[in-house]
Amino acid sequence: MYNLAGGIFVTGTDTGIGKTLITASLAWKFSKSIRKICVMKPFATGNSMYSKKFNSKDVAILTKAIKFEEKQENLNPYFYPLPCSPFMASSLLNLQPPSIGFAIKKFKFLQKKYDYLLVEGIGGLMVPINSRYTLLDFIKLTKLGVIIVATPKLGTFNHILLSVKNCRSNGIPIKGIVVNKMPSHPTLIEAKIPTFIQEFTKLPILGIIPTINNLKINESTFSKIAKLIDITPSN
């Protein structure tokens with residue numbers, strides 16, 4: 001049975017499409033009506049450690065959105081300082097690969113401690129976590145519904161349909177799709193991508209977020225994005 005009221009998993013069609021900012025903005029929005037809310041990024045990689053407090057820049061952004069304190073090892077049990085999949089990064093760095101079981105243990109700990117949990121994935125659904133499991137396997141174990149984040153770039157249709165098909169064939173509920181980084185002056189194709197996605201998938205387009213120039217990670221930005229996403233914790 002899937003828990004559609006106690007949390008949501010934000011995944012994407014690719015890396016670098018803005019999942020972190022979407023997740024952080026939703027966390028900011030939901031925190032206005034939920035007292036005990038938490039964010040989590042089970043697996044993260046990057047060029048280097050972000051700061052003394054956070055290994056991952058993504059985790060720093062997520063926690064900034066709701067201004068709360070929780071041990072980093074609970075929010076982000078696995079980080080590798082190499083920008084590729086956790087499986088590849090752990091192998092190239094000669095480190096132990098992530099354990100799905102351990103990551104789920106941390107997830108369940110947070111789930112019990114907080115009223116609502118927003119979890120951000122890494123890359124797309126089929127990113128390898130270790131030699132046996134992908135991110136999709138982890139999502140199935142969380143029993144959360146997903147939001148799929150995409151951009152209107154060329155190839156998006158294919159990436160979205162593959163993501164939707166993978167979720168549906170694995171029984172994962174999809175709450176909807178967010179189209180991020182819409183150009184201020186989109187081409188006809190870019191502008192019509194959301195309409196065609198909705199028509200083909202029969203899924204709601206929860207929001208169309210414009211490209212933000214000179215992006216600043218602050219409450220004003222979270223608020224601006226959140227207002228453009230039509231979703232509440234209860235739907």
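Brief remarks on what is shown
- Any chance Ile160 is touching a residue at least 60 places away in the same chain (Cβ under 8 Å) and either open to solvent by 50 Å² or more (accessible area, probe 1.4 Å) or not acidic (Asp, Glu) (or both): yes
- Residue match in region 8-17 (condition: more than 13 Å from Val127 (Cβ to Cβ), open to solvent by 30 Å² or more (accessible area, probe 1.4 Å) and not hydroxyl-bearing (Ser, Thr, Tyr)): no
- Region 23-43, subset polar (S, T, N, Q) and over 14 Å from the mean Cα position of the chain (by Cα), residue modelled with the lowest pLDDT: Ser33
- Inside region 57-82, residues that are in a loop (DSSP other than H, G, I, E, B) and open to solvent by 20 Å² or more (accessible area, probe 1.4 Å) make up a count of 8.
- Screening region 18-52 for residues that are open to solvent by 30 Å² or more (accessible area, probe 1.4 Å), free of Cβ contacts under 8 Å to residues at least 40 places away in the same chain and not hydrophobic (A, V, I, L, M, F, W, C) and picking the one that is farthest from Asn74 (Cα to Cα) gives Lys32.
- Scanning region 182-199 for residues that are among the charged types (D, E, K, R) and either surrounded by 15 or more Cβ atoms within 10 Å (Cβ to Cβ) or more than 14 Å from Phe157 (Cβ to Cβ) (or both) turns up just one, Glu190.
- Scan of region 200-235 for residues that are more than 28 Å from Tyr114 (Cα to Cα) and either open to solvent by less than 20 Å² (accessible area, probe 1.4 Å) or touching a Phe, Trp or Tyr at 6+ places or on another chain (Cβ under 9 Å) (or both), ordered by number: Phe200, Thr201, Leu203, Ile209
The values are calculated or read from the model by the stated rules, or taken from the named source; none is laboratory data. Model, not experiment: these values are computed from the prediction. Glycine gets a Cβ as well: all are built from the backbone with ideal geometry, and neighbour counts include every protein chain shown. Protein only, heavy atoms only, side chains kept; ligands, DNA and RNA dropped before computing areas. Shrake-Rupley method; radii C 1.70, N 1.55, O 1.52, S 1.80 Å.
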